[in-house]
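The values are calculated or read from the model by the stated rules, or taken from the named source; none is laboratory data. None of the values given here were measured: they were computed from a predicted structure. Every residue, glycine as well, gets a Cβ built from its backbone with ideal geometry; the counts of neighbours run over all protein chains shown. Note: areas computed on protein heavy atoms with side chains; ligands, DNA, RNA excluded. Shrake-Rupley method; radii C 1.70, N 1.55, O 1.52, S 1.80 Å.
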Amino acid sequence: MKQSRHIGERMNQRGIAQAMVELVLTHGRCEQDKFVLDRREVDRRLDELNRERGLLLKVRDKGGVIVVADGETLITAYNRN
């Protein structure tokens with residue numbers, strides 16, 4: 001998305017990094033002409049990431065997990081160890 005000079009100035013004044021703007025555009029909700037990422041949505045996203053982190057740690061403890069599929073049918077799953 002193209003950025004105006006105005007947004008660059010305001011981001012600089014308010015300590016808003018480009019990565020923060022991209023996060024809002026990706027995970028925020030659209031309300032007419034605004035993208036909003038509020039505290040409640042941030043907390044929900046952090047909860048999701050924490051759950052995913054826990055799962056990733058379990059998969060790592062197994063040395064990885066392999067899932068075998070045939071087309072759209074899942075056949076088996078096993079630890080990578």
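Results, tabulated for the structure shown:
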{"quantity": "Accessible carbon and sulfur surface of the range 1-45 relative to its total accessible area, %, 1.4 Å", "calculated": "52 percent"}
{"quantity": "Per residue value of the accessible surface for the chain (all protein chains in place, 1.4 Å probe), Å²", "calculated": "91 Å²"}
{"quantity": "Cα-based helix-to-principal-axis angle, 5-14 vs the chain, degrees rounded to 10", "calculated": "80 degrees"}
{"quantity": "MRE, 222 nm, helices only [DSSP H, n ≥ 4, -39500 (n - 2.57), over the chain, to nearest 500]", "calculated": "-17000 deg cm²/dmol"}
{"quantity": "Qualifying GluC sites (Glu not before Pro) for the chain [loop in DSSP, other Cβ within 10 Å: at most 15]", "calculated": "Glu72"}
{"quantity": "Tail fraction, Cα-Cα pairs, the chain, threshold 14 Å, whole percent", "calculated": "77 percent"}
{"quantity": "Trypsin sites (Lys or Arg not before Pro) restricted to DSSP loop in the range 1-77 with at most 10 other C-beta within 10 Å", "calculated": "Lys2"}
{"quantity": "Additional length obtainable on full extension of the chain from Val65 to Thr26, 0.36 nm per residue less Cα span", "calculated": "11.1 nm"}
{"quantity": "Contour excess over end-to-end distance, with Cα ends at Leu46 and Arg5 and 0.36 nm allotted per residue", "calculated": "11.6 nm"}
{"quantity": "Stokes-Einstein diffusion coefficient of the range 1-41, Kirkwood radius over Cα pairs, 4 °C, 1.567 mPa s, in µm²/s", "calculated": "118 µm²/s"}
{"quantity": "Residues with amide H under 5 Å from that of Gly28, placed H, sequence gap 5 or more", "calculated": "none"}
